[in-house]
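In what follows, a single structure is set out as structure tokens and then discussed.
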């Protein structure tokens, strides 16, 4: 479904991503871990079209993403959340999530202005889908609140709702667990697994803390300084010497699942 | 032929004036991330104070009047930077632009109330005298403008590069947080940079005053063209501002031959738009420098 | 937990409360509208009527500009040039070409829309300060061309227009009053529809965080272009109304200072707050008339007001409704968030 082929990206003198290649098949939950600054967010940014790779190709569902704009990539069915939360603070929570639905709203400008039936129908659908997504993450009661008024954890959930409101084929989560309470992280994990099971949504989860990823991912890719140093099942990763070296001082006991 | 050389020198003289103003605007942009739409007003104010109030009104010797005006406007600029500009910095760029435009409006109308709408003449150092090189005559004031501007630019660049003060100013402009951590009194230096920018503007005004009349809107006209020059040369870049200004001056002067003098002012802006369409970041600019 | 949540959202209490709120607003609006319709019937002094018509026309411009600047966050320092374009195209077609009014109005509106499209497309390639200078330059060149092309535009002397005859009646200020007011109400309603539609959400998302908007599927190139086109069409309609009402247009009405005044209306009313633009227009139009003799002072006051608002009161007039809303309890719904995600019935 999503494939990176020898992708490289540099900023100034720093190579953020170095000859990276991996595949994600449909229906997988894949984790992308690595120490800070290893290029995980850059990878996601490359996949979502925020900047083009210097070399290599990124393919999503038989479409080459390299020169596509961000919204075009989104319309193909790829959604993401942000490491630093990027909600639209002056809009309500419901409106924030409704914007996430925009890839399925195809009514033209003119039809929207005159409130043609197609536009009204899509608006209703968007509203229902947004409320539904908010219910899934437990934030439905906050639908009319301004997104900027919410607490950090609540905003994270709203961002998640925004990403899943259209049931995209693939969701890239950038550090979804950061700042959440432990119990919430467990719930989040269950939610991801459930979505994966019932809707077949593919997930790529970037984390630099490994708790969530170890629990729910079927496969983990380890990135260090922009290069992939290991890839495999969680248990294999944990025992991998390179990985242990990279996460200096990490001992097996802290990996208890 | 002689006509063209005269025109070119005259155009470069104007380019010098734009360069001094544009340099000040770039300083303010680099250090405070503010596009100072009111910059032209400092030019007007300083020129009026020096020439009209002190020299013509109170019979001060010209050099003293100029120095006093520079000092006054410099201080005023420092004051404004600390009170008004510091406060609006944090706001989104649109708000900042509207704020400086508002300030410009206030200053322009205050000047109108104080000095009256009538334009004044100013003979400068040369009056209408021409300097002859062979068969080609140059307006003395043009040469003075060119000469002094180049001198100032040279001195300024040396100051910036080689003196401690210059280095600190550059450091603050580049990354004021780190500079602050290094013990630099950042606010004082920001005010200082602003003052220098205003002083440059006043010098520009005094240099251009003998060539055009002194009027209330002289500052806005030159200021906006300096903006256009900056945009052409590449926003936020010092060499860009200078090159853009001279380029603008040249093209303006030569363009007037083609298009006629009524459209002289339009040349600057049409050029700016054209350049931006082809190179959105100007000739020397880059996305980082235009970053707000 | 989910079931209880659903019940809270569709609680009968809330529905009734929302209905009463809407009713209150509807009543207030109707009263206001009726009040606004009275002056031409009661007042005979043309001067006062003209001032109020000016409010309506300026409000239309401010609404359009608010979309571009307040709702979509794009810098536009050349709104007066849009107004001027339609005003001049209309005047030129009618006087110099002898075109029928309806056709001339259509052509002038279409030309403004295309102009808005052009500026909008340019705006997508430029960031903040560049866009500011380009729109500023556009306005400046516009005024220079107007002032110098005497043959076409009448130069600094402007153009005088003979008003059309409709059904035997010459269009006068009173008729224009109702027409302008009607246009304002219609355009305001249209504005509300756009604001709450996916277009409006796209605008606001582009304003609040463009990167996130792009990644979430919004074509920001299109939203920015649309924002400019909307501000242009509003300005265009205002320009037509202006020509009809005053029967005389000159370059001085479309300078950069005028663009700044439009911006002032938007800022005072609250950027992104549609009703505020009308308030802002009223203030910026009326107050100088009160201080007629002190023209210079008024601009100083205007500039200072803008500065003060931007420094201390960024929401402008939009501050008041939000403040009152927070004072008055809006609903009796309790927020109960237990900090859990319940996935039992996805």
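Throughout, read-outs are computed from the coordinates displayed, never taken from laboratory work. A quick note: this is a predicted structure, and the numbers were derived from the prediction, not measured. Quick reminder, even Gly has a Cβ in these numbers, built from the backbone with ideal geometry, and neighbours come from all protein chains shown.
Expressed to the nearest 5 percent, the antiparallel share of DSSP beta bridges inside the protein assembly as shown is 65 percent. Compared with the direct C-alpha span, the chain from residue A:244 to residue A:55 gains 65.1 nm at full extension, assuming 0.36 nm per residue.
Highest mean first, how do B:20-28, B:237-245 rank when packing is the count of other Cβ atoms within 10 Å averaged over residues?
Output ranking for B:20-28, B:237-245: B:20-28, B:237-245.
Ordered by the count of other Cβ atoms within 10 Å of each Cβ, fewest first, A:170, B:198 give A:170, B:198.
Between region A:115-141 and region B:45-67, what's the alpha-carbon centroid distance in Å? What the calculation gives is 69 Å, centre to centre. Taking 0.36 nm per residue of sequence separation and removing the Cα-Cα distance, the residue C:22/residue C:162 pair yields an extension gain of 46.0 nm.
In region A:1-133, Rg over Rh equals 1.04, where Rg is the alpha-carbon radius of gyration and Rh the Kirkwood radius from pairwise Cα distances. Bins of 5 Å, beginning at zero and ending with the bin holding the largest distance: percent of Cα pairs per bin for region A:119-257, please. The calculated distribution, bin by bin, is 2, 9, 17, 19, 17, 13, 9, 7, 4, 2, 1, 0.
When C:307, C:211 are sorted by how many other C-beta atoms sit within 10 angstrom of their C-beta, beginning with the fewest, the order is C:211, C:307.
In this calculation the C-beta distance from residue C:289 to residue B:83 is compared with R0 = 51 Å, giving a FRET efficiency of 0.95. When Rg and the Kirkwood Rh are both derived from Cα coordinates, the Rg/Rh ratio for region B:81-238 amounts to 1.02.
If I stretch the segment between residue A:106 and residue A:66 completely, what's the gain in nm (0.36 nm per residue apart, minus their alpha carbon distance), one decimal? All intermediate terms of the calculation are to be shown ahead of the outcome.
Details: separation 40, 0.36 × 40 = 14.40 nm, distance 2.44 nm.
Fully extending the segment from residue A:106 to residue A:66 adds 12.0 nm.
From its DSSP helices (H runs of at least four residues, each -39,500 (n - 2.57)), chain B gives a residue-normalised ellipticity at 222 nm of -23000 deg cm²/dmol.
Working note: Cα atoms of region C:1-159, range along each principal axis, descending, whole Å: 73, 51, 27.
Distance between the pseudo-spin-label points of residue B:213 and residue B:182 (7 Å out from Cα toward the beta carbon): 5.0 nm. Please report the antiparallel percentage of the DSSP beta bridges confined to region A:125-257, to the nearest 5. Antiparallel bridges: around 50 percent, rounded to the nearest 5.
Enter the mean projected area of the convex hull around the alpha-carbon atoms of region B:17-58, in nm², rounded to one decimal. Spelled out: convex hull of the Cα atoms, projected over all directions, averaged, 3.2 nm². Peptide packing: for C:213-223, C:67-77, the average count of neighbouring Cβ atoms within 10 Å per residue gives the ranking C:67-77, C:213-223, highest mean first. Here region B:161-292 is treated as a Stokes sphere of Kirkwood radius computed over C-alpha pairs; at 25 °C and 0.890 mPa s its diffusion coefficient rounds to 148 µm²/s.
Computed on chain B, the Cα convex hull volume stands at 135 Å³ per residue. Measuring spread by the Cα atoms of the protein assembly as shown yields a radius of gyration and Dmax of 30.7, 97 Å. A helix-only calculation puts chain A at -11000 deg cm²/dmol for mean residue ellipticity at 222 nm, using -39500 (n - 2.57) for each DSSP H run of at least four residues, averaged over all residues. Cα-based radius of gyration for region B:101-172, normalised by 2.2 N^0.38 Å, reads 1.72.
Between the C-alpha center of region C:22-50 and that of region B:89-125 there is a gap of 38 Å.
Calculate the translational D of chain A in whole µm² s⁻¹ from Stokes-Einstein, where the hydrodynamic radius comes from the Kirkwood formula applied to all Cα pairs, the temperature is 10 °C and the viscosity 1.306 mPa s. My calculation gives 83 µm²/s for D. Averaged over the residues of A:214-226, the number of partner chain Cβ atoms lying within 10 Å of the residue Cβ comes to 0. Across peptide B:103-109, the average count of Cβ atoms from other chains found within 10 Å of a residue's Cβ is 6. As a size descriptor, the averaged projected area of the C-alpha convex hull of region A:164-229 was calculated at 4.9 nm².
Taking 7 Å steps out from each Cα toward its Cβ at residue A:235 and residue C:312 produces label points 6.9 nm apart.
Counting only other chains, and only Cβ atoms inside 10 Å, what mean value do you get across the residues of C:190-200?
The per-residue average across the peptide is 4.
Neighbour counts of other Cβ atoms within 10 Å put C:188, A:101, B:162 in the fewest-to-most order B:162, C:188, A:101.
Each residue, residue A:5 and residue A:199, gets one label point 7 Å from its Cα in the Cβ direction; the gap between the two is 3.0 nm.
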